[in-house]
Amino acid sequence: MKRISPILVLAITVLVIAVLVAIVGNVFTPYGMSQQNLLARLRPPAFLTGGNPDFPLGTDRIGRDMVARVIAGLRMSLSVAIAGTIIGAVFGSAVGFIAAHFRGWVEEVLMMLVDFQASLPFILITLTLLAFFGNSMTLFVILMGLFGWEKYARLSRGVVLSAISQPYAKAIVALGAGNGRLYLKHVLPNVASALIVQVTLTFPQIILLETSLSFLGLGIQPPQTSLGQILGDGRDYLSTAWWISVVPGSIIFLVTLSMSIVGDWLRDRLDPMLRVRTA
């Protein structure tokens, strides 16, 4: 605990607050995210001149409460990022395990797919698929899940090859353990730390990708909302109603920065090579 810096504590606090607000935040606001009040449109936050305590963070162009909008947007952005991170981690890790196990032409084909994925701009692929198939929540989450899967595949393949070459793995095979027992009970726990670190590094990237696409109008569609969509709604009002964009933009910045800080700390704690250097 003495090694935990105040910056790390602050980052963890920000993440905990963000999750709690996303889960139960709507309990504390009397307005719905889509509830309109044209008489209160573009009302500034309560701490500014002309603000109303009923709207602590102000209202948007059609009088919707920014607190309710931000809570709903945070919930959606975190949900999509979490779902996308899980899909990418599971799919990419499975590809890496399969490549490490079968080797030969199977490994070559899978690694060729990994190289193909890494060589193309992912946002270009996403824009093409969304334009061709149309936008839907299922497709959008799947696309978010495919972001970065090649990193998990390369990482898991490398660490699995290293793990199965260790004496303990060879001894387990010699004792008659099957492949399922070898990989799930012995290899996976030894490579889980590396995969966990990669998850913490990919999560902020998926949030930024989702918010970027939603900002462009290609991500989350009304009546649902996300932080990126709210940010895009306020781009025409930066000079008159800056809070519409600044509030969700600040939240995106704080969440991604905090997650990156936690990811760097986990890498330092879980990477055995770094532990040896700092010992």
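The values are calculated or read from the model by the stated rules, or taken from the named source; none is laboratory data. Because the structure is predicted, anything quoted here is derived from the model rather than measured. Here the Cβ is made from the backbone with ideal geometry for all residues, glycine too, and neighbour counts use every protein chain on show. The accessibility values were calculated without ligands, DNA or RNA, using every heavy atom of the protein model including side chains. Shrake-Rupley method; radii C 1.70, N 1.55, O 1.52, S 1.80 Å.
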Check your understanding: So what's the back-of-envelope 222 nm ellipticity for the chain, counting only DSSP H runs of four-plus at -39500 (n - 2.57) apiece and dividing by all residues, rounded to 500?
Key -> -22500 deg cm²/dmol
Exercise for review: Please list the non-local residues whose amide H lies under 5 Å from the amide H of residue 62, H modeled 1.01 Å from N, same-chain partners needing a gap of 5 or more.
Suggested key: 42
Practice item. Over segment 112-254, with every protein chain in place, what whole percent of the accessible area is carbon and sulfur at 1.4 Å, could you tell me? Key: 69
Revision key, fill the gap. If the chain between residue 113 and residue 54 were fully extended at 0.36 nm per residue, the gain over the current Cα-Cα distance would be 15.9 nm
Review point. If one takes the longest principal axis of the Cα atoms in the chain, at what angle in degrees, from 0 to 90 and to the nearest 10, does the Cα axis of helix 137-146 lie?
Key: 40
Exercise for review: Enter the angle in degrees (range 0 to 90, nearest 10) between the Cα long axis of helix 188-215 and the first principal axis of the Cα atoms of the chain, meaning the one along which they spread out most.
Suggested key: 30
Point to revise | Largest-first principal axis extents of the Cα set of segment 38-163 (Å) | key: 69, 35, 21
Review point. Where in segment 120-151 is the amide nitrogen less than 13 Å from a point lying 7 Å along the Cα-to-Cβ axis of residue 83?
Key: 136-146
Check your understanding: How many angstrom separate the Cα center of segment 130-208 from the Cα center of segment 20-85?
Key -> 37
Review point. Arranged from highest to lowest average of other beta-carbon atoms within 10 Å per residue, in what order do the peptides 64-73, 50-59 appear?
Key: 64-73, 50-59
**Study point:** On Cα atoms only, tilt of 6-24 relative to the major axis of the chain in degrees
**Key:** 70
Practice item. Compute the accessible area per residue over segment 101-182, keeping the other protein chains in place, probe 1.4 Å, unit Å². Key: 58
**Study point:** 37 °C / 0.692 mPa s Stokes-Einstein diffusion coefficient of the chain, Kirkwood radius on C-alpha pairs, µm²/s
**Key:** 156
Check your understanding: Pulled fully out, how much extra length does the chain show between residue 98 and residue 269, if you take 0.36 nm times their separation in residues and subtract their Cα-Cα distance?
Key -> 58.8 nm
